[in-house]
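Below is one structure, written out as structure tokens; comments come after it.
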Amino acid sequence: MPEQHYPEVRALGLFSGMTDENFFALMRGAYVQNFPPQIELIGEGEPSDFLHVVLSGSVDLFSQWNGRDTSLATVRPISTFILAATIKNAPYLMSARTIEKSRIVLIPSQDVRAIFDVDGNFARAIVTELAQCYRSVIKSQKDLKLRTSLERLANYLLRQQKRAGGGAAFDLDFEKRRLASVLGMTPENLSRAFKGLLPYGVSVEGTRITINDQTDLERFAKPNPLIDDFST
């Protein structure tokens, strides 16, 4: 991998506490690739040969079963996927495809496991990241099981508004069909849910969302940091 990318990878919490010697050993077997949109990077059930680090672009983690598919998460720079399979040396439980043109670092999984065994700071960082991923899964399950589809959409819009800077008007970060999948809904149900939020001051034009009554929407959505704050 070109050394010009080292600082980007090194800045990740996962790698920042490693010794220089172990970091450089890990990077010696790594390489960078550019991928166009809609390229499948890994398939569920395949051996976990590489840990992936997204430097630019975005990646959709998804799963398929019995003729159905669902989006599970979006990976944006700069972050890794799928760490658990790499450490466990187990098959991928999800597939991954690029959403847009993306630059990705591929680090051989066997090298990650070898450094895990000898670098205590790296091992602790991996445990911390896996714990954070586990907590995010719990929050997603709570969102899915404790809220109606209308409440899930309302809280998603509030989270997206915050990510976009907090203004009344903002854009969805992906197209509505994929949003429906992320929220555990059909596209038809998502369309009805958007209409159901009209009385709470939400207007929609394409992927442009405007929240005209912030207080009313928040009163309906009842955002909860134990569900909606993925940083805790």
*Residue with peak Gaussian network fluctuation, the chain [Cα springs, cutoff 10 Å], from R178, R113, R163*: R163
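Would you compute, from DSSP H runs of 4+ residues alone, the mean residue ellipticity of the chain at 222 nm, taking -39500 (n - 2.57) per run and dividing by the full residue count, rounded to the nearest 500?
Computed mean residue ellipticity for the chain: -13000 deg cm²/dmol.
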*Tell me, in nm to one decimal, what length is gained between R208 and T74 on full extension, where the rule is 0.36 nm per residue of separation less the Cα-Cα distance?*
46.3 nm
_Which one, N189, N66, N22, has the greatest fluctuation when you compute a Gaussian network model over the chain with C-alpha springs under 10 angstrom?_
N66
*K222: which aspartates and glutamates have alpha carbons under 18 Å from its alpha carbon, excluding same-chain residues fewer than 8 sequence positions away?*
D143, E151, D213
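Please tell me the relative contact order of the chain in percent, rounded to the nearest whole number, where contacts are Cα pairs under 8 Å and at least six residues apart.
Normalised by residue count, the contact order of the chain is 19 percent.
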*Pick out which of K222, K101, K139 has the largest mean-square fluctuation in a Gaussian network model of the chain, springs linking Cα atoms closer than 10 Å.*
K222
*Under the Debye formula (equal points on every Cα, no solvent term), log10 I(q)/I(0) of the stretch 3-143 at q = 0.09, 0.13, 0.16, 0.20 Å⁻¹*: -0.26, -0.55, -0.85, -1.32
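Between Q64 and K142, take the C-beta separation as r, use R0 = 41 Å, and let me know the FRET efficiency to the nearest 0.05.
On the way: r = 24 Å, r/R0 = 0.60.
Efficiency, rounded to the nearest 0.05: 0.95.
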*Near the amide H of S58, under 5 Å away, which other amide H atoms are found, from residues 5 or more places off or on another chain, if H is placed in the peptide plane?*
I99, E100
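Throughout, read-outs are computed from the coordinates displayed, never taken from laboratory work. These figures come from a predicted structure and were not determined experimentally. Cβ: placed from backbone, ideal geometry, glycine included. Neighbour counts: every protein chain shown.
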